[in-house]
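Beneath this line is the structure, given in structure tokens, with notes to follow.
The values are calculated or read from the model by the stated rules, or taken from the named source; none is laboratory data. These figures come from a predicted structure and were not determined experimentally. All Cβ positions, even for glycine, are placed from backbone atoms using ideal geometry, and neighbour counts span all protein chains on display.
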Amino acid sequence: MKILTTSIVAVALLATAAFAQDDIPLLRPEERQAVDNQADQFNGALENSLSEAAKSTVRIWSGNRRLAYGTVVGDGSQIITKWSELVGAPRRIRVEAFDGQVRDVDPSGVFQDEDIVVLDLIGPPLTPVKWSDKSPKLGSFVTAPQPSGQPASFGVVSVLERSLRDSDHAFIGIVGAVGFDGSGVKIHEVTPKSGAAAAGLKPGDIILKVNNRPISGLLELKNSLVDVKPGDTVNLIVKSSNGESSVPVTLGNRPELPNYLGDRLRTMEGMGTDQSRVRDSFTNVIQSDMRPNPDQIGGPVVNLDGEVIGITMARATRTRSFIMPSAAVQNMLNSEPMDPALAAIPTEPSDQRIRIRPAVSPPRQFRPGSQQRLRRHLSEMQQLMDFMTQEMEALENGRW
Amino acid sequence: MRHSKTLHLLAAGFLLAASFLPTQAREAASTIADLKALEARVQNVAEKTMPATVALLSDRTGSSGSGVIVSEQGLILTAAHVIQGADKVLVVFPNGKQVQGEVLGANFSKDIGMVRIIDEGNYTFAEMGESDHLKAGDWVVALGHSAGFKAERTPPVRFGRVISEGPGNFLTTDCTLIGGDSGGPLFDLDGRVVAIHSSIGKSLENNNHAGVDGFRKDWQRLIDGDVWGELSMNPFANPEMPVIGIGMGMIRGINGVIVESVVLGSPAAAAGVRQHDIITSVNGSPIRDGGELLQILAKHQAGETIQLGVMRNRTPIEMAVVLKRRNELFSQP
């Protein structure tokens, strides 16, 4: 009980301090100034790498609402952008180019897996993007320009290219025994109709090696299968009641599992972050720590030489954004898109909460009346409550 | 002061801390060439430190955090709250290899802890850097097993800079963190460990890390398996909070903090601070009220010497005050 009392006091203090001024309780004005000046300098330097790509970056509007960025592709007569941000747009979609010209477009195709829509430009072409096939290294600097040529968001490559889909990963079909202390993975259960079942693996068998790599436990077993494609065959060394033997196993596709995040992790993922509607189910992505807003997704991403290495694909969480690499974009554009009228309405399968994102209105319509103030007040109270709940949970669990 | 009452309660008695920091040349970022030089160092840090960035899993507590190996023999630095309640942890390398780790000591007030890999081996490790001199604008790189160990990806790399110093041994950066990163390493541009991930606030700029110099000060106790301190989300209530030992008066209309009482045997008493002195600055930064004094002291650590600017009978005086920990001055209830 003592702990709980202490934590309530602590939470109240932290939360009020955070909302009274800045979120960082001990931030001094001179520190704020130092990091702001540094950011200005940094962004100024970055601009030198953005001028070319900015000409192929457009802003997508529906009436007065900013929906997304787009990338001018092909011969300059088409634009690709994020499909889920355009669905249900209340007004006609138009695009604004780097020089301020506003153009009409017609949606002509949808790539559902990538959540990309193709817009045909009406009238003369714009400047198409020049793709670079360079694969950035881990830690490389990546920037998404605004159409104006300033940086919209900056980050580094956090994780090299991979697929986020469970079904793209190989699946062996065993459940490991918990609490098994020896080396290798002791099988607790074999999934029916899986590769493991077809190869005759049984509960109690111990997997010692995968393709000659000794396996220390379940996580290493998973890791050893990361580079294996569904349909490939791996050679296991298995210890059973009959002694050690070599067993070839042909792997299947991992089933799509519902992604139940803990509530606390889910809360943290959204902290300080406006997340894209569709964000977690792509096949080819580079993960970065860029922080674009959802209405800045769909434009080109460049390296420090100004070469376009991909497009922004989603703002996923507090720590993650996804980039679709140039090669994957070009492959996609070489395939046949779907008729937009037939495409399903995109949703994130793991997202079980309904989110309402406030629309950005132009200044002339923005007259803060009592209704708006009340709404803002309520949303601030909600934020405060969320914040306090998070802090309480962190204290009670003592970890995160 | 909206929270003057609370602050007064805290301040009456506990007071607080400061330091002189060596200035070090920071990498410039005003041209593309500067940025390329910076990028090369971040790439290098990511590649070099990845194998030393481990995930720590506990069956017993169900907790999943991160850690960093800092010796060839497999000594791991992590956060106290990652190993809370565990005496053994599973240590998982980015390639999925897993070994057993023995939990050593932890200081919860600093949120620092240690684990040792049980099997002897030649482990890839990261060197330890220094954290006490870090200040707003210093570039840093964060790694960690975000949201737990994931076989299909390596621990994500994040880049940013120090936003704010303190409280105490902690520092705040804009390297975005999330659950699972706890205990993971923050590196300088040479790939040396400068801090361990601890907590986040709502803002993307509010990611908090425990400085590596805090480990050095508690090294032997941690190695010996001592567990002490308390986890606190309120920096002013932290037992390690540095104090000067005065009671603050709350008179409005004064620029500064009026000393209402001086605690016997406190740093303030030793430095010659007297009742009714008005504290007007710390290390040359003007102090307008009690809240600001607390805020500045919280950014320092016990043992450091601060220059206190005081008005006495309308005459400015400077005095050097050596800060103490709150729990050195006031026994804990």
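Summary table
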{"quantity": "Residue count, the stretch B:247-276 (criterion: in contact with a Pro (Cβ under 9 Å, 6 or more places away or on another chain) and at pLDDT 90 or above)", "calculated": "3"}
{"quantity": "Helices (runs of 4 or more DSSP H) wholly inside the stretch A:192-287 containing at least 3 residues that are within 14 Å of chain B (Cβ to nearest Cβ), surrounded by 15 or more Cβ atoms within 10 Å (Cβ to Cβ) and under 23 Å from the mean Cα position of the chain (by Cα)", "calculated": "A:263-270"}
{"quantity": "Among (1) closer than 30 Å to residue B:29 by Cβ; (2) away from chain A (no Cβ under 14 Å); (3) over 18 Å from the mean Cα position of the chain (by Cα), the one test that residue B:153 misses", "calculated": "(2)"}
{"quantity": "Of all residues making up the stretch B:126-150, the number that are over 27 Å from residue A:27 (Cβ atoms), within 22 Å of the chain's Cα centre (by Cα) and crowded, with 19+ Cβ neighbours inside 10 Å", "calculated": "2"}
{"quantity": "Residue B:199 in a loop (DSSP other than H, G, I, E, B), surrounded by 19 or more Cβ atoms within 10 Å (Cβ to Cβ) and within 14 Å of another protein chain (Cβ to nearest Cβ)", "calculated": "no"}
{"quantity": "Criterion (surrounded by fewer than 22 Cβ atoms within 10 Å (Cβ to Cβ) and either within 22 Å of the chain's Cα centre (by Cα) or in contact (Cβ under 8 Å) with a residue 24 or more places away in the chain (or both)) met by exactly one of B:312, B:326", "calculated": "B:312"}
{"quantity": "Of the criteria (1) part of a loop (DSSP other than H, G, I, E, B); (2) more than 27 Å from residue A:74 (Cβ to Cβ), which one residue A:124 fails", "calculated": "(2)"}
{"quantity": "Lone qualifier among B:321, B:243 - being modelled with pLDDT of 95 or more, closer than 30 Å to residue B:107 by Cα, buried (at least 23 other Cβ atoms within 10 Å of the Cβ) and more than 14 Å from chain A (Cβ to nearest Cβ)", "calculated": "B:321"}
{"quantity": "Lone qualifier among B:112, B:83 - being closer than 29 Å to residue B:152 by Cβ, of a type outside the set (S, T, N, Q) and in contact (Cβ under 8 Å) with a residue 12 or more places away in the chain", "calculated": "B:83"}
{"quantity": "Checking residue B:176 against (1) buried (at least 20 other Cβ atoms within 10 Å of the Cβ); (2) free of Cβ contacts under 8 Å to residues at least 40 places away in the same chain; (3) touching a His at 6+ places or on another chain (Cβ under 7 Å), the condition it does not meet", "calculated": "(3)"}
{"quantity": "Elements of type strands (runs of 3 or more DSSP E) in the stretch B:43-125, at least 2 residues being farther than 25 Å from residue B:229 by Cβ and more than 9 Å from chain A (Cβ to nearest Cβ)", "calculated": "none"}
{"quantity": "Search result, residues across the stretch B:248-289 that are surrounded by fewer than 18 Cβ atoms within 10 Å (Cβ to Cβ) and either touching a residue at least 40 places away in the same chain (Cβ under 8 Å) or among the hydroxyl-bearing types (Ser, Thr, Tyr) (or both)", "calculated": "B:250, B:260, B:261, B:265, B:270, B:272, B:283, B:285"}
{"quantity": "Selected residue [over 30 Å from residue B:233 (Cα atoms) and either assigned to a strand (DSSP E or B) or not assigned by TED's automatic domain parsing to the domain that holds residue A:143 (or both)] from A:27, A:67", "calculated": "A:67"}
{"quantity": "Filter result (in a loop (DSSP other than H, G, I, E, B), within 7 Å of chain A (Cβ to nearest Cβ), touching a strand residue (DSSP E or B) at 6+ places or on another chain (Cβ under 7 Å) and of a type outside the set (Ser, Thr, Tyr)) within the stretch B:156-176", "calculated": "B:156, B:157"}
{"quantity": "Among (1) within 28 Å of residue B:153 (Cβ to Cβ); (2) modelled with pLDDT under 90 - the single one residue A:242 does not satisfy", "calculated": "(1)"}
{"quantity": "First in the stretch A:288-314 and within 14 Å of chain B (Cβ to nearest Cβ), second anywhere and aromatic (Phe, Trp, Tyr), Cβ under 7 Å, 6 or more apart", "calculated": "A:289/B:159; A:290/A:154; A:303/A:141; A:304/A:141"}
{"quantity": "Every pair of residues 6+ apart whose Cβ atoms lie under 6 Å, when the first sits in the stretch A:163-185 and is more than 10 Å from chain B (Cβ to nearest Cβ) and closer than 22 Å to residue A:230 by Cα while the second is among the acidic types (Asp, Glu) and surrounded by fewer than 15 Cβ atoms within 10 Å (Cβ to Cβ)", "calculated": "A:167/A:256; A:175/A:189"}
{"quantity": "Where residue A:29 falls short, out of the listed (1) facing another protein chain (nearest Cβ under 8 Å); (2) out of contact with any strand residue (DSSP E or B) (no Cβ under 9 Å at 6 or more places or on another chain); (3) more than 20 Å from residue B:34 (Cβ to Cβ)", "calculated": "(1)"}
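Residue by residue, here is whether (1) assigned by TED's automatic domain parsing to the domain that holds residue A:274; (2) touching a helix residue (DSSP H, G or I) at 6+ places or on another chain (Cβ under 8 Å); (3) of a type outside the set (Gly, Ala, Ser) holds:
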position: A:170; (1), (2), (3): no, no, no
position: A:177; (1), (2), (3): no, no, no
position: A:180; (1), (2), (3): no, no, yes
position: A:208; (1), (2), (3): no, no, yes
position: A:211; (1), (2), (3): no, yes, yes
position: A:245; (1), (2), (3): no, no, no
